[in-house]
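Rule-based calculations on the coordinates, nothing more; no lab input. Just so we're clear, the structure is a prediction, and the values are computed from it rather than from any experiment. When we count neighbours, we look across all protein chains shown, and the Cβ atoms used for this are built from the backbone with ideal geometry, even at glycine.
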Amino acid sequence: MQFGLKGKTALITASSKGIGRSVAEGFASEGCNVAICSRTRSDLLATSKELKDKYNIDPLWCVCDLNKSSDIENTFKAVINEFGSIDVLVNNCGGPVTGYFNNLEEEDWNYAFEQVLMSVVRFSKLVLPKMIKNEWGRIINITSISVKQPVDKLMLSNSFRAGVTGFAKSLSNEVARHKITINNVAPGFTLTNRLYELAVEQAKDKGISHEEALANMAKQIPINRLSAPEEIASVVLFLASKQASYVTGITIQVDGGYTKSQY
Ligand code: NAD
């Protein structure tokens with residue numbers, strides 16, 4: 001399917017690895033100008049080289065810690081300098097620290113607030129004026145199935161992803177008349193470093209191997225396997241497409257049927 005994105009500029013945050021990286025690859029394969037960012041220069045260089053070799057594009061990469069508003073502003077400026085506009089913003093971030101309420105300190109709450117919610121607010125604020133001027137734009141936030149069904153021991157994700165969902169729905173109503181859509185993609189269990197780390201932690205808690213922990217996760221999913229990051233990316237690409245012009249303010253879970261709710 002042609003998504004009608006050729007020549008558009010897509011900025012994908014937290015995109016040197018995992019889901020963000022797959023999303024960047026999706027936009028590269030569509031012939032977009034691609035900008036990636038994360039904290040570690042060497043990872044960005046490696047991802048950027050892979051994208052360049054595979055898709056014959058010249059991605060822009062920026063070192064950006066999403067918990068620092070100055071890094072967010074610098075990244076925004078660098079993308080505008082290079083490509084002139086940001087047509088598609090994909091707000092991804094690292095997963096917040098795990099823990100039950102009892103294990104979490106105020107500093108954990110503050111960090112996750114900045115990481116999960118404020119990075120989305122800050123980037124959205126920066127990109128919207130130009131999207132409004134261009135009368136076109138897409139903002140897609142990567143959240144989690146925790147917005148539909150809280151996940152055990154992920155108190156911070158369960159709390160702040162819901163904030164992103166409320167923010168996205170409210171903002172989508174404010175900007176819809178400018179042909180800007182704002183949606184969320186909520187991944188289920190997706191095979192990335194993050195899931196591997198969660199499996200290692202679960203394995204430790206339960207006295208099993210991390211392979212068993214991953215197999216137990218897969219067993220809970222009607223499709224009976226974990227997701228590949230590309231399966232999340234393809235839904236992001238669809239929401240960015242011209243075909244998705246009438247879809248706004250929603251969350252699509254991509255979870256192999258894991259979520260129990262029918263909504
Ligand atoms: P990952 O750990 O594989 O990749 C995370 C990326 O974020 C990396 O590129 C890392 O460098 C970057 N990053 C981390 N902290 C950052 C920061 N402060 N500033 C800038 N970049 C930063 O994770 P993933 O599995 O791809 O997950 C992406 C998002 O999706 C996370 O928020 C995660 O919680 C969420 N999610 C993942 C799953 C899953 O099963 N993998 C399920 C639901 C939700």
Exposed GluC sites (Glu not before Pro) absent - longest run of the chain, DSSP non-H/G/I/E/B, at most 13 other C-beta within 10 Å: 136-263
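FRET efficiency for Asn224 and Ile250, Cβ-Cβ distance as r, R0 = 30 Å, nearest 0.05?
Numbers: r = 26 Å, r/R0 = 0.88.
For R0 = 30 Å, the calculated efficiency reads 0.70.
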Set of the range 58-74 residues, backbone N closer than 16 Å to the point 7 Å along the Cα-Cβ line of Asn110: 67-69
